[in-house]
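The values are calculated or read from the model by the stated rules, or taken from the named source; none is laboratory data. Quick caveat: nothing in here was measured; it's all calculated off a predicted structure. Positions of Cβ are backbone-derived with ideal geometry, glycine not excepted, and every protein chain shown enters the neighbour counts.
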There are 4 protein chains.
Amino acid sequence: MIIVTRRGVTDAELDHIRERVEALGLRTHLSRGEHRTIIGCLGDEARLQSVPLHSIPGVEAVHAVLKPYKLASREFAAEDTRVPLGSVELGGPEIVVVAGPCSVEGADMMEETARAVQAVGARGLRGGAFKPRTSPYSFMGMGESGLQILADVRASTGLPVVTEVMDTRQVELVASYADVLQIGARNMQNFALLTEVGRLRRPVLLKRGMSATVKDLLLAAEYVMAQGNPNVILCERGIRTFETATRNTFDLAAIPVLKAETHLPVVADPSHAGGRRSLVAPLSYAAVAAGADGLLIEVHPDPETATSDGDQSLDFSEFADLMDGLRAFADAAGRTVAGATAAV
Amino acid sequence: MIIVTRRGVTDAELDHIRERVEALGLRTHLSRGEHRTIIGCLGDEARLQSVPLHSIPGVEAVHAVLKPYKLASREFAAEDTRVPLGSVELGGPEIVVVAGPCSVEGADMMEETARAVQAVGARGLRGGAFKPRTSPYSFMGMGESGLQILADVRASTGLPVVTEVMDTRQVELVASYADVLQIGARNMQNFALLTEVGRLRRPVLLKRGMSATVKDLLLAAEYVMAQGNPNVILCERGIRTFETATRNTFDLAAIPVLKAETHLPVVADPSHAGGRRSLVAPLSYAAVAAGADGLLIEVHPDPETATSDGDQSLDFSEFADLMDGLRAFADAAGRTVAGATAAV
Amino acid sequence: MIIVTRRGVTDAELDHIRERVEALGLRTHLSRGEHRTIIGCLGDEARLQSVPLHSIPGVEAVHAVLKPYKLASREFAAEDTRVPLGSVELGGPEIVVVAGPCSVEGADMMEETARAVQAVGARGLRGGAFKPRTSPYSFMGMGESGLQILADVRASTGLPVVTEVMDTRQVELVASYADVLQIGARNMQNFALLTEVGRLRRPVLLKRGMSATVKDLLLAAEYVMAQGNPNVILCERGIRTFETATRNTFDLAAIPVLKAETHLPVVADPSHAGGRRSLVAPLSYAAVAAGADGLLIEVHPDPETATSDGDQSLDFSEFADLMDGLRAFADAAGRTVAGATAAV
Amino acid sequence: MIIVTRRGVTDAELDHIRERVEALGLRTHLSRGEHRTIIGCLGDEARLQSVPLHSIPGVEAVHAVLKPYKLASREFAAEDTRVPLGSVELGGPEIVVVAGPCSVEGADMMEETARAVQAVGARGLRGGAFKPRTSPYSFMGMGESGLQILADVRASTGLPVVTEVMDTRQVELVASYADVLQIGARNMQNFALLTEVGRLRRPVLLKRGMSATVKDLLLAAEYVMAQGNPNVILCERGIRTFETATRNTFDLAAIPVLKAETHLPVVADPSHAGGRRSLVAPLSYAAVAAGADGLLIEVHPDPETATSDGDQSLDFSEFADLMDGLRAFADAAGRTVAGATAAV
């Protein structure tokens, strides 16, 4: 931590600031410039984080030197973390695609979707049984019977299941069905929920909140990891900005920034980021070109009749085309993607 | 709902769109312009909300005609809703000030703070027992023992208690101690939590999320109200923008916009909005000038030693000055504020 | 400037960084912490501003210590700057209100508007002769004949004139008619234009750009002042955010932040910030409560027929009501506003 | 234009609204729903654009049906516009890369840079002679002597020159040296400047403003085109959001959105978008994957000593690597990029 003091700070103020910092076990180091005096604080910076340094008379600005996250940081682990998803791994050389409808709507449509996406290279099945909806009058999902359908389809196809958990009281229930627990964007800072999924070892797919910085996302991952669960997958899904031409603003640069800052796998959700079917392919290709380890794609047998997010869902043929196109971009990125032989 | 079709839409496409809409029990109405044909959809617009209209061939744009919230809307209730807080009401002629520390840190500091703020006109006591913190390594609050302290201080001072609930599993616990359940900004779209506090009749103070629009905030209120709890207080506390000179960007205009859109009381939290002690007074005065029904103010016996949010907390003397200054602005707004006689 | 080096920085890298900084005439000062080494750079920080410090091997982060603006900063001038507007001053005890239509539409409507707003306390007349319009097909203003009308109305009423200049080639022309040169939000970083108006001594009203931080606004003021023109008035008029309920997001907190950072007068433009007639009064009152030195208000004899911004323009009676309401808030803020006697 | 009227609108109000619209030569069409009455306005929508429809009693909301831009819209031109750049074209099958330093710093460094980038496939040379700088104390560019250097290097290498014009008074001067006139992000809504470059036929590279929507960018292009200049190249270079991990937020999705909305070529500037050298390659690859027609890349012989933007400039070897990597992504996108043989 570096403390910049106000012009004209008194010696008594400087002494008081140093006492406050040293009382926490850190050392201080003074640099007097022409206009400003700077106090470097050496030692365990975390201890200073809750201290209202700005409140101490004479303090003008405070700059952190260390990252506030540890377990999630690249410095903590030199090697990329690989998170298992069924027989494959996220964070390895393969671009892993997880596909499926926004909501589980029934057994038949899930089975049909699973087989269709698996045939062209999807490695996991997504689908919501509990749905976060902006309006209390929208369809909220099938609940536990939706989870049962997901488990049945996994049994018949072998595709591992990614599904959302929204409530601390349902973590155990969802974990008893799902291979990966998804934390939605609106719950990225639901700290009770992060703590709860951190107590399991089940992989967690953590979606970036609409107003979360990259740092906030890494701190949310740190919550899960601090409880002992190292299996966190980060997901860029768009942030909220002034632009209304797309549902969200896909922060593509967050992908290489995250890959540099953390050892955790990073995936993209182009369906939510763009909010329109026609944007799913270009955003997917771009995410892979920028270094993403995987993709979450919304696919529905008949998007026009989907109970949620139909506007951004691909049908089977569009998804097959997407996977076809993806291969060349994965190649260009020195990565692989499943299903290549099927496409030949 | 109004559907604008693409240039060159075919009759078959128009028929198909109308069939889809009419199948839901609405009537349709065609207007053919030179460049575009428009389909007006008359009837229960809510039924169309989950339909992926953009997915239907020929559709270019869709415009909602009705507000997606009902119970929270001004159209639903002609009169302002008044939410009780101890012996006073939020939403009536009095500007109601609730003050206290960010976190409950102990019995003595709470008692001392409560007496100090009550003496100069505060009508409620705030303080967090469960604290949402961006970093898992920060102080998380005292938990139930903090709630007990709040209840004890209420018993000794008569000040009603506003405190945050973060987890569906703690709603009953917190409600057994608190007069008002606060939902924090990060949980504004924690729909499970909104539903749970909606099942009680205890007043709910709902803080606007950092990336929530006014519409999102009203839909979050609708979640609570749809469960049967009409006692919702809305709180503007700043949104996240590119500006870094302040902790958040205080969206002052949201106050008169909300007062026009809804019958619910609206309060402001200038402490979180500005993030700096020196901004609390100007933001408070401005909120009252713009029509706020109340204020949430962070006050601490010694801000320099506060375990959280010390930089934005007022000490007792600063709070007394704030209340003194507030009176003239309340007067100008045709409102009252408590403690006037004490101040003379 | 403080340079934070990467974990594991080598001594050779440290030496190289120090050499680069010292070559510019600054001194350096090393603090070695457990995890990071910090280099304090003492001396003329401005010289470092163009240096790509991040490009030097071993550098992780760079923090500025000094403000990048000087002439505009509060440190530069202890006293508030007062900028003359006809017979009054902006930045003194009086809240100065400037009113008028968005565009000059004709001589009669300007004369009529000037007399109406002057009667209830306006101290200046606004009106655009050159209009910046988002679409090339919108009304662009009357040009020089509009300026002539403004000058004629000033002659007949005594009201000084505030009008926009959009093009370096028109600065002299506009200055030959106007008392205050307005730089619009879209031109806040039109550096050629800022430089040109800086060469005159005519007061400049500088509107904050839609994506400009407070720091950017002060640097834009610095451009004008660096040319020798000290008469700069800053104007908060709303920034662009994700919120669509209002035309812009009125950043009220920028007012007290600016008043602390600079000695220049600060005014607010509630008409553009809110974009709706009903928001003009609450935003005006709030701006005064937060410390604004003046207001710019759009007023039109018949807003329904205005050629631009009719939706946010007040008619004469609404403006009179606004001025009436304003007095109590000005009083509460310890300020005055003209026209009080007329209102009795 | 569709006008939604308020609940309880009177027949007199409806009549008045219709009269206002019909007086402009449009026809109106009424749809009465249960809760709202809607007025469709058929005819030349542009005539309604300046009318303050919200000001008319009874109006609740107004929705535009037609795009506000015409010449720039995809509907106007079925074929992609190709803009010449020396011997190649922007908007054709080749991904066109323009490279060079942020600022022209001297003849030798420009010559050296031009030869280095040309050798590995760059088709144009960029470099600023007039520099927009946030601070008035930063290096402003070499001015006309910089333009002369650019022209000399073009003469010796054959590389066409892209350089910025910031002032209406300099348009002729810059056009006498440059092949493409660049309008910077801060001048995207400098309407006088847009009009001036529209009067020439010289290609214009129009950078998106930091707070400009896709619609605003297209309206800025419309300004240029409405003057008769059809040679506009659009450039995505990042927008301003709350995220501070990157200099700007690269709005990648704007590329496919623009390619769908307009026939004009679209390029990306990953140097400014990311603001860091390490992000240039991933953002470039992603832009191409998403459909960009070209790239602007900052390259400097020795970034560490650059007078501006050194942190985001590549050195020659990094640029050669970028071009090498780009080929595979261009292939995947079904596009070509120059210099392929050199890479074999």
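Per-structure values
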{"quantity": "Residue satisfying condition, being in the same structural domain as A:Gly124 (by TED's automatic domain parsing), on the phi > 0 side of the Ramachandran plot and free of Cβ contacts under 8 Å to residues at least 60 places away in the same chain, within set A:Gly325, A:Gly291", "calculated": "A:Gly291"}
{"quantity": "The stretch A:102-119, residues that are more than 16 Å from A:Ala268 (Cα to Cα), assigned to a loop (DSSP other than H, G, I, E, B) and touching a strand residue (DSSP E or B) at 6+ places or on another chain (Cβ under 9 Å)", "calculated": "A:Val104"}
{"quantity": "Pair list, Cβ < 7 Å and 6+ apart or interchain, from the stretch C:38-57 residues that are of a type in the set (D, E, K, R) to residues that are in a strand (DSSP E or B)", "calculated": "none"}
{"quantity": "Unmet requirement for A:Thr262, which otherwise passes all of (1) under 30 Å from D:Lys259 (Cα atoms); (2) more than 10 Å from every other protein chain (Cβ to nearest Cβ); (3) among the hydroxyl-bearing types (Ser, Thr, Tyr)", "calculated": "(1)"}
{"quantity": "Residues of the stretch B:302-337 satisfying the condition of being surrounded by fewer than 21 Cβ atoms within 10 Å (Cβ to Cβ) and either away from every other protein chain (no Cβ under 13 Å) or among the aromatic types (Phe, Trp, Tyr) (or both)", "calculated": "B:Phe316, B:Ser317, B:Ala320, B:Asp321, B:Thr336"}
{"quantity": "Candidates B:Val120, B:Val104 - the one that is aliphatic (A, V, I, L, M), touching a residue at least 60 places away in the same chain (Cβ under 8 Å) and either closer than 26 Å to B:Ala273 by Cβ or in the same structural domain as B:Asp167 (by TED's automatic domain parsing) (or both)", "calculated": "B:Val120"}
{"quantity": "Single unsatisfied condition, C:Thr241 versus (1) among the β-branched types (Val, Ile, Thr); (2) more than 18 Å from C:Leu71 (Cβ to Cβ); (3) more than 7 Å from every other protein chain (Cβ to nearest Cβ)", "calculated": "(3)"}
{"quantity": "The listed residue being on the phi < 0 side of the Ramachandran plot and in contact with a Cys (Cβ under 9 Å, 6 or more places away or on another chain), out of B:Val104, B:Val65, B:Val98", "calculated": "B:Val65"}
{"quantity": "Among the candidates C:Ala281, C:Ala253, residue that is touching a helix residue (DSSP H, G or I) at 6+ places or on another chain (Cβ under 6 Å) and within 8 Å of chain B (Cβ to nearest Cβ)", "calculated": "C:Ala253"}
{"quantity": "Matching residues in the stretch A:284-301 - criterion: being touching a Leu at 6+ places or on another chain (Cβ under 6 Å) and within 14 Å of chain B (Cβ to nearest Cβ)", "calculated": "A:Val299"}
{"quantity": "The stretch C:105-138, residues that are of a type in the set (S, T, N, Q) and more than 14 Å from chain D (Cβ to nearest Cβ)", "calculated": "C:Thr113, C:Gln118"}
{"quantity": "Elements of type strands (runs of 3 or more DSSP E) contained in the stretch A:1-95, each with 1 or more residues being touching a Gly at 6+ places or on another chain (Cβ under 8 Å)", "calculated": "A:2-5, A:27-32, A:37-42, A:83-85, A:88-90"}
{"quantity": "Failed condition for A:Lys67, given (1) surrounded by 19 or more Cβ atoms within 10 Å (Cβ to Cβ); (2) within 16 Å of A:Leu24 (Cα to Cα); (3) charged (D, E, K, R)", "calculated": "(2)"}
{"quantity": "Subset of the stretch D:6-18 that is modelled with pLDDT of 90 or more and in contact with a strand residue (DSSP E or B) (Cβ under 9 Å, 6 or more places away or on another chain) - its residue that is farthest from B:Ile3 (Cα to Cα)", "calculated": "D:Glu13"}
{"quantity": "Residue within the stretch D:61-72 that is more than 9 Å from every other protein chain (Cβ to nearest Cβ), out of contact with any Lys or Arg (no Cβ under 9 Å at 6 or more places or on another chain), touching a residue at least 12 places away in the same chain (Cβ under 8 Å) and under 30 Å from D:Leu125 (Cβ atoms) present", "calculated": "yes"}
{"quantity": "Hey, B:Thr246 under 26 Å from C:Ser271 (Cα atoms), within 14 Å of chain A (Cβ to nearest Cβ), assigned to a loop (DSSP other than H, G, I, E, B) and among the polar types (S, T, N, Q) or not", "calculated": "yes"}
{"quantity": "All helices (runs of 4 or more DSSP H) inside the stretch D:147-228 with 1 or more residues being without any contact (Cβ under 8 Å) to a residue 12 or more places away in the chain and either more than 9 Å from chain C (Cβ to nearest Cβ) or surrounded by 24 or more Cβ atoms within 10 Å (Cβ to Cβ) (or both)", "calculated": "D:171-175"}
{"quantity": "Search result, residues across the stretch C:29-88 that are in contact with a helix residue (DSSP H, G or I) (Cβ under 8 Å, 6 or more places away or on another chain) and of a type in the set (Val, Ile, Thr)", "calculated": "C:Thr37, C:Ile39, C:Val51, C:Ile56, C:Val59, C:Val62, C:Val65"}
{"quantity": "Residues satisfying the stated conditions in the stretch D:246-279, i.e. under 18 Å from A:Pro282 (Cα atoms) and charged (D, E, K, R)", "calculated": "D:Asp251, D:Lys259, D:Glu261, D:Asp269"}
